[in-house]
Amino acid sequence: MPQPSNPETRAQELRQLLSGYSYEYHVLDAPTVSDAVYDSLMGELKAIEAEHPEFITPDSPTQRVGSELLGGFQKVAHRSRMLSLNDVFDASEVEAWVVRMDKLLPGTKHEFFADIKMDGLACALIYEDGLLVQALTRGDSFVGEDVTNNVRTIANVPLRLRDDPSIAHLLVGRTEIRGEIVMLKKDFDALNKKQEAAGKPTFANPRNLAAGTIRQLDPKLVAERPLTFMAYDLIRDDPSEVPTNMAAYEAITHLGLRRNMQASVFDSLSGVMQFVHEWDEKRHELPFNTDGLVIKVNDRALFAKLGVVGKQPRAAVAYKYAAEQATTIVKDIVISIGRTGAATPVAVFDPVQVAGTTVQHASLHNADEIARKDIRIGDTVIIFKAGDIIPQVESVVMELRPKGAEVFNYEDALRAQYPELEFERRGDDVVYRVRGTSGDLILKRSVEYYASKGALDIDTMGEKNVVALVDAGLVRDIADIYSLTVQDLLKLDRFADISARKLVDAIQEKKTPPLEKFILGLGIRHVGSQTAIDLANRFESIPRLAGATLEQLEAVEGIGKVVAESILAWFADEDNAALLDKFESLGVKPRYEKHEGTLNGVSFVVTGTLDSMSRDDAAERIRAQGGIFQTSVGKDTKYLVAGGKVGASKLAKAQAYGTVVLDEDAFLKLLGEK
């Protein structure tokens, strides 16, 4: 490369130009030249400095990577403490924070500054007359570690502050800029792809990687990793030079550092909370990870006047969003059979808060997934929500595995939980399915059961019509029946105009079914008519039932661990969750009505043949009066209704338990029907 006539001037021009390009790229996010142009100019500067080392300056972009640090990091005291913030988790705690400030400064009108909290490593950059001289970690808030050599390698950290006439006073003397060292999501993903391609282990999360990288003793290793500095504060010896937190942010941009452009000022708490909720929804769109916001008093004189308690300033709080990861213990692994006959494993665990909701079960997808993650009953696992919706097991905390925890044997579990069924795994399919039944056959049975007299009792929705609807592809799950139209049915040979209208009308009439009938119609394993009633009475809605804990389910009369786990597994199945959403979107709204009457809480068993009604009718009338219909005589059975051809064993049990035996006439009188 030809040498310029005046290399010193050329080097100075190149440094200034490259600094400007770096500002456009890292701060404004609006580069005016390509990477190739930048690299070419950088190459020219390196060549000049190699030929004339006397022209090298400390702020030259060629001087970012220094020598390996021997003997570890030096401890350095902060001139002003790097404080941490108290956490708040909801609007009431934010309001309480403001009330506390009002007591200390009564009559003061607050202006609030709010910004997104970055999940990285806190660091202070110290500039003397605009030149970077030191970089310190937070440490214990009083004393940090000198990581200057490593921070100099971060591409968007200016080695010299940008010369801007509007803030010329900040380029004289000492200027401290505090911020977070982060790894942006795109850089983290790219780095992990590079690790995978090289056959190396991937990194767990950006925050830990950023923190670990900065503490490497060799700056060359640090330079290989794409770190970013995001500034959030500016400190001068004379506080009056930076009157507000927003003024600090505006100055940070002028000085050539990157900061969050979402930061805003509000004159009311309602504005702050609107900002909080807005970014709770949009935070996943940000280029970096965040777990909340920082809310401060904007006026820095008031901020200082409010003082510090412990390590936390009174004039600022960190609003934390609900955690997206949590740990819990796997209590059991149960298997749910879906509408296609697929066997889906579900982890049941102690309830834990993840992303703002209580989670107590998670789909494990299939046997291979359990084996790959080596999930065992008794393991402590990390739970996360995929897309903030579906809970999943991320990994096992191996250090906390209990002694004797056995490898989960999927086929043994299938045999134990479904002794009456056979399962098979065909070819490359990762899923075990019920042997000898197709998905369509299971679907037909499910729709028939949902429409049956014991469940929703949908008129004309018999076996032949169900078969025709499923075979024609008009019904692909139970909820699809509510989207059927007369025009759909008229395409089938079985239906004419009257029969089509009759079926559609009969289905639409069942859009607000009794809750217990709807629960029964879902076909949850081990949930019969009485259990469905007990569940409806206890939880009073599908969302509350879906969110019930194992302990809450087991507390319902007559429900043990097997039934409770079956209910949990049904609601944990992703297909079932989608089915419930579909019911709702189609306007199906189960209604809860508490059945109370003269027989409230009284238990009945009906045996033999009744002349005036079937056993199902008898059960309905008992339940309508608030009574409990049982299938076998037990200690808590009050009445045995005996029709014709009564079984001797039931009469003997009734005598043993002191159960009152009623004939049909006495039963009708008890119902108030005679």
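Every read-out reported here was derived from the displayed coordinates using simple, explicitly stated rules and does not represent laboratory data. Note that the structure is a prediction, hence the values are computed from the model and not measured. Cβ placement follows ideal geometry from the backbone for every residue including glycine, while neighbour counts extend to all protein chains displayed.
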Legend entry - Zero-based 5 Å bins, Cα pair distances in the stretch 325-434, whole percents: 2, 12, 23, 23, 18, 13, 7, 2, 0
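Assign unit charges at the C-beta atoms only (+1 for Lys and Arg, -1 for Asp and Glu), then state the dipole size of the chain relative to its Cα centre in Debye, rounded to the nearest 20.
1280 debye
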Legend entry - Computed log₁₀ I(q)/I(0) - Debye formula, equal Cα scatterers, no solvent, the chain, q 0.06, 0.07, 0.12 Å⁻¹: -0.56, -0.70, -1.26
Inset, instruction - Calculate one ³J(HN,Hα) per residue across the stretch 98-108 by plugging θ = phi - 60° into the Karplus curve 6.51 cos²θ - 1.76 cosθ + 1.60, and present them in order as whole Hz with x for glycine and proline. - result: 5, 4, 4, 5, 4, 5, 7, 10, x, x, 7
Legend entry - Segment Arg236-Val265, extension gain: residue separation times 0.36 nm, minus the distance between their alpha carbons: 8.3 nm
Legend entry - Label-to-label distance, nm, for residues given as Asp412 and Ala648 (7 Å Cα→Cβ offset): 4.5 nm
Legend entry - Asp90/Lys403 FRET efficiency (R0 56 Å; Cβ-Cβ; nearest 0.05): 0.85
Inset, instruction - Quick one: which residues, 5+ away or cross-chain, put their amide H under 5 Å from the amide H of Gln134? H built at 1.01 Å from N. - result: Ile126
Legend entry - P(r), alpha carbons of the stretch 86-320 - 5 Å bins starting at zero, rounded %: 1, 6, 13, 17, 18, 17, 13, 9, 4, 2, 1, 0, 0
Legend entry - Residue-wise HN-Hα coupling along the stretch 606-612, computed from phi with Karplus coefficients 6.51, -1.76, 1.60 (Hz; x: Gly, Pro): 10, 9, x, 9, 9, 7, 8
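Need one number for the stretch 226-380: average projected area of the convex hull over its C-alpha atoms, nm². Please list the in-between numbers first.
On the way: hull surface 58.7 nm².
Over every viewing direction, the Cα hull of the stretch 226-380 projects on average to 14.7 nm².
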Inset, instruction - Grab the Cα-Cα distance for Asp350 and Asn537, subtract it from 0.36 nm times how many residues apart they are, and report the gain in nm with one decimal. - result: 64.9 nm
Inset, instruction - Could you tell me which of Ala211, Ile542, Met82 has its Cα farthest along the dipole of the chain towards the positive end, charges placed at Cβ (Lys, Arg +1; Asp, Glu -1), taken about the Cα centre? - result: Ile542
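Based on alpha-carbon atoms only, what is the radius of gyration of the stretch 603-670 relative to the globular estimate 2.2 N^0.38 Å?
The reported ratio for this selection is 0.99.
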Legend entry - Distance-filtered residues of the stretch 530-551 - backbone nitrogen under 17 Å, label point 7 angstrom along Glu584 Cα→Cβ: 540-548
Inset, instruction - Divide by every residue of the chain the summed helix terms, -39500 (n - 2.57) for each DSSP H run of at least 4, and state the resulting mean residue ellipticity at 222 nm, rounded to the nearest 500 deg cm²/dmol. - result: -10500 deg cm²/dmol
Legend entry - Most to least packed among 96-103, 217-224 [average Cβ atoms within 10 Å]: 217-224, 96-103
Legend entry - Neighbourhood net charge (12 Å Cβ-Cβ; Lys/Arg +1, Asp/Glu -1) for Glu620: +1
Legend entry - Projected label distance in nm at Glu54 and Lys320, using a 7 Å step from Cα toward the beta-carbon: 5.9 nm
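Between Lys669 and Arg544, what is the FRET efficiency for a Förster distance of 45 Å, r being their Cβ-Cβ separation, to the nearest 0.05? Walk me through the numbers on the way to the answer.
Details: r = 38 Å, r/R0 = 0.83.
Given R0 = 45 Å and the Cβ-Cβ separation, E is 0.75.
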Legend entry - Surrounding net charge for Phe112, when Lys and Arg each add one and Asp and Glu each subtract one, Cβ distance under 9 Å: -1
Inset, instruction - Would you give the gap between the C-alpha center of the stretch 634-657 and the C-alpha center of the stretch 276-299, rounded to a whole Å? - result: 66 Å
Inset, instruction - Please list, in chain and number order, the residues 5+ apart from Ser395 or on another chain whose amide H is under 5 Å from its amide H, with Hs placed from the backbone. - result: Ile382
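Output the pairs from Lys510/Lys645; Lys186/Lys373; Lys75/Lys220; Lys103/Lys311; Lys282/Lys517; Lys385/Lys510 with a Cα-Cα distance over 29 Å in this structure; if there are none, say none.
With Cα atoms farther than 29 Å apart: Lys510/Lys645; Lys282/Lys517; Lys385/Lys510.
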Legend entry - Highest average packing first - 189-197, 270-278, Cβ atoms within 10 Å: 270-278, 189-197
Legend entry - Square roots of five times the Cα gyration tensor eigenvalues for the stretch 439-585, Å: 31, 14, 13
Inset, instruction - List, in order, the whole-Hz ³J(HN,Hα) value for each residue of the stretch 483-499 obtained from phi through the Karplus relation with A = 6.51, B = -1.76, C = 1.60 and θ = phi - 60°; use x for Gly and Pro. - result: 9, 5, 10, 4, 4, 4, 6, 5, 6, 9, 4, 6, 10, 10, 4, 5, 5
